[in-house]
Amino acid sequence: QVQVVESGGGWVQPGGSLRLSCAASGNIASSPAFTWYRQTLENERDVLALSRSDGSTNYADSAKGRFTISRDNAKNTVYLHLNNLRPEDTSLYYCNVDVWPGSYWGQGTQVTVSS
């Protein structure tokens, strides 16, 4: 079983920054792939950024230029650096961890951007 815990959310003013963390623990037999999502108003999850097991990354158009994903393999942790935040970035941010034998979600961390 694999546990996923997100942290680092909070309240920030427009233009501010946050660093979200996603830590995977438990029976992890290989290097995971991590994907960050955020919840839409329609309660769907939009992908933001992916960090594959080989360290390569991909970003959704909505994340390019302002969000950066990085990872610490020794800690099985990935980070999402959120910069120049806007009110429309307010959401619940989730992390998905893809590692044998399955795909695992955390509970999410809330980001609120307002003045």
Can you run down the residue pairs with Cβ atoms below 7 Å, 6 or more apart or on separate chains, where the first is in the stretch 33-47 and without any contact (Cβ under 8 Å) to a residue 24 or more places away in the chain and the partner is open to solvent by less than 70 Å² (accessible area, probe 1.4 Å) and among the charged types (D, E, K, R)? Asp46/Arg38
From the residues in the stretch 77-91 that are among the aliphatic types (A, V, I, L, M) and farther than 23 Å from Gly26 by Cβ, which one is surrounded by the fewest Cβ atoms within 10 Å (Cβ to Cβ)? Leu85
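Quick one: in the stretch 46-57, which of the residues that are open to solvent by 50 Å² or more (accessible area, probe 1.4 Å) and part of a loop (DSSP other than H, G, I, E, B) is modelled with the highest pLDDT? Explain how you work it out, then say what you get.
Initially, the stretch 46-57 is screened for residues open to solvent by 50 Å² or more (accessible area, probe 1.4 Å), giving 46-47, 52-54, 57.
The next check asks that each one be part of a loop (DSSP other than H, G, I, E, B); those that pass are 52-54.
Values: Arg52: 96, Ser53: 93, Asp54: 92.
So the residue we want is Arg52.
With open to solvent by less than 60 Å² (accessible area, probe 1.4 Å), of a type in the set (A, V, I, L, M, F, W, C) and over 14 Å from Glu6 (Cβ atoms) as the only criterion, which of Ala74, Ala60 stands out?
Details: Ala74 fails: open to solvent by less than 60 Å² (accessible area, probe 1.4 Å).
Only one candidate qualifies: Ala60.
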Wholly inside the stretch 1-45, strands (runs of 3 or more DSSP E) that include 1 or more residues that are within 14 Å of Gly106 (Cβ to Cβ) and touching a Gly at 6+ places or on another chain (Cβ under 9 Å) are 2-7, 18-26, 33-39
So is Ser62 in a strand (DSSP E or B), out of contact with any Leu (no Cβ under 6 Å at 6 or more places or on another chain) and without any contact (Cβ under 8 Å) to a residue 24 or more places away in the chain or not? no
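The values are calculated or read from the model by the stated rules, or taken from the named source; none is laboratory data. Model, not experiment: these values are computed from the prediction. Here Cβ is always computed from backbone atoms with ideal geometry, including for glycine, and neighbour counts include all displayed protein chains. What goes into the accessible areas is simple: the full protein's heavy atoms, side chains included, and nothing from ligands, DNA or RNA. Shrake-Rupley method; radii C 1.70, N 1.55, O 1.52, S 1.80 Å.
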